[in-house]
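Student: Following this message is one structure expressed as C-alpha cells.
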Amino acid sequence: MDSMDSPAPRVRRRDRHGRGMRGPVAPPQVPLSASRADTFRDLVLDSVERLERRWPQLADVEFLVMEVPPAVTSETVPLGGSTPAEKNEPARVVVYRRPVEIRSKSRDERALLVHEVVVEQVADLLGLSPESVDPRYGQD
C-alpha cells in the first residue's frame, strides 16, 4: 500500500463523548456581557427616570456612578453625594457603587437602596424632604 491510498483525515463533527455541539450558554435575549458596574448603572438610570417624570428640572442634573467615595474622614462611608450647580458646571448627584453593593444582599434590595440614595441626594439638591421628592420613599 502506498501513501496515496491512505484515507484523508476525518472531520470531527462531534465531541469525543458523542454528544455533538452544545447549545448556546444563554438565550439570545440575556446579555452575557453585562458587568456588575453596568447593571448598577442601569439601576441608577431607572431610579432617575422615575424621578424625572415628577421633577422635569432633573434633566439638567448630571447623575454619576463612582466606585468608591473620595477619602473619608468620618466614621460612616457615604452611599452618595450631591453638589449644586456652579457657573459652568451642572448640578451633580453621585452614587457610590461599592458601598451600596456591600450594604445590599440581593438585586431587589440593591435597587431599593439605589433609589433611596438617589432620592436623598435629589432632595438635598432641591432643598426638600425625601418624602416630597418621592412619596413612596421609605415605604418599600
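Bear in mind that the values in this text are calculations on the coordinates, not laboratory data. Since this is a predicted model, take the numbers as computed values, not measurements. Here the Cβ is made from the backbone with ideal geometry for all residues, glycine too, and neighbour counts use every protein chain on show.
Student: Taking amide H positions as placed 1.01 Å from N in the peptide plane, with prolines and chain starts having none, which residues 5 or more places from residue 80, or on another chain, fall under 5 Å of its amide H?
Tutor: Those qualifying (amide H under 5 Å, at least 5 residues apart or on another chain) are 96.
Student: Right, something else. Considering amide H positions built from the backbone, and no H for Pro or chain starts, which residues 5 or more places from residue 64, or on another chain, come under 5 Å of its amide H?
Tutor: 93, 94, 95
Student: Between residue 72 and residue 103, 0.36 nm times their residue separation minus their Cα-Cα distance comes to what?
Tutor: 9.5 nm
Student: Please state the shape class of region 34-101: rounded when a/c is under 1.5, otherwise prolate if a/b exceeds b/c and oblate if not, all from the C-alpha gyration tensor.
Tutor: Judged from the Cα gyration tensor, region 34-101 comes out oblate (a/c at least 1.5, b/c at or above a/b).
Student: Suppose R0 equals 30 Å; then what is the FRET efficiency for residue 38 and residue 136 from their Cβ-Cβ distance, rounded to the nearest 0.05?
Tutor: The value I calculate is 0.70.
Student: Sticking with this structure for a sec: Taking the simple approach of a point 7 Å from Cα along Cα-to-Cβ for both residue 86 and residue 129, what is their distance in nm?
Tutor: So the label points at residue 86 and residue 129 sit 3.2 nm apart.
Student: Now, a different point. Which trypsin sites (Lys or Arg not before Pro) in region 57-127 sit in a loop by DSSP (not H, G, I, E or B) and have at most 12 other Cβ atoms within 10 Å of their own Cβ?
Tutor: 87, 105
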